[in-house]
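Worksheet: the structure to be examined is printed underneath.
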Amino acid sequence: MSLSPRTSDCVIGVLAIQGDFAAHARVLERLGVRAVEVRRGLDLETTHGLIIPGGESTTILKFITEERLASSFREFSRTRPVFGTCAGAILLARAVHNPDQPSLGLIDIDVERNGYGRQVDSFIAQTETELRGEPLEAVFIRAPRIRRVGSSVRVLATVFGEPILVSEGNILAATFHPELTEDDRVHGYFAEMVTGRKSAH
């Protein structure tokens, strides 16, 4: 069993296919974590965690399928943390609706694509959270909604009484875009998952 890396030694990969992966990298760098772009299975070998950013879930899924990355991601998630935001959360879910589509099935949640409406229905909300500090500012852009949460899934933040940030084992999923605010707590929580120092309170 390998030891968790120190924060200064931590390397987190960001799937660099679509979405604002550079914004995720900037947040990680503010936290003192090295970020690397992931486009191939081989890129995962030197990383301690992986972020799957937002974008268009069908496009990202197509790339993952064409590059045969699904098995690599599943194998990676057995021993190292994976964090999906917006479209990334869709890809991590057990089931996807509106319309139905395949996913990696790494966290026991069901999601509805574009659950709050179209691009024009995007919004920013102050959300209830178990993370340390003040309410969490969350940016929702064509965001999915979590319609079912499995019994072993932990809800870390909610909006309108619905889960928006959840975790199960090595998996963290957010239906919003934490990389688009100045609040680093969600990425910090993921970095703590990676380094083995996770604590919500």
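Just so you know, in the stretch 143-163 the residues that are surrounded by fewer than 19 Cβ atoms within 10 Å (Cβ to Cβ) and not small (Gly, Ala, Ser) include one that is farthest from Arg113 (Cα to Cα), and it is Arg154. The number of residues in the stretch 103-135 that are over 13 Å from Ala173 (Cα atoms), surrounded by 14 or more Cβ atoms within 10 Å (Cβ to Cβ) and touching a helix residue (DSSP H, G or I) at 6+ places or on another chain (Cβ under 7 Å) comes to 3.
Can you pull out the residues in the stretch 35-52 that are among the polar types (S, T, N, Q) and either surrounded by fewer than 18 Cβ atoms within 10 Å (Cβ to Cβ) or over 16 Å from Arg80 (Cα atoms) (or both)? Residue satisfying the conditions is Thr46 alone. Among the residues of the stretch 142-184, not one is farther than 20 Å from Leu106 by Cα, free of Cβ contacts under 8 Å to residues at least 60 places away in the same chain and within 13 Å of the chain's Cα centre (by Cα). Residues considered: Gly55, Gly32, Gly84. Of these, the only one that is crowded, with 20+ Cβ neighbours inside 10 Å, assigned to a loop (DSSP other than H, G, I, E, B) and either of a type outside the set (Val, Ile, Thr) or touching a helix residue (DSSP H, G or I) at 6+ places or on another chain (Cβ under 6 Å) (or both) is Gly55.
Within the option set Leu15, Leu61, being surrounded by 15 or more Cβ atoms within 10 Å (Cβ to Cβ), in contact with a Phe, Trp or Tyr (Cβ under 9 Å, 6 or more places away or on another chain) and over 12 Å from Val194 (Cα atoms) holds for one residue only, Leu15.
Where a number appears in this text, it was derived from the coordinates with a stated rule and is not lab data. A quick note: this is a predicted structure, and the numbers were derived from the prediction, not measured. Heads up, the Cβs are rebuilt from the backbone with ideal geometry, glycines too, and the neighbour counts pull from every protein chain shown.
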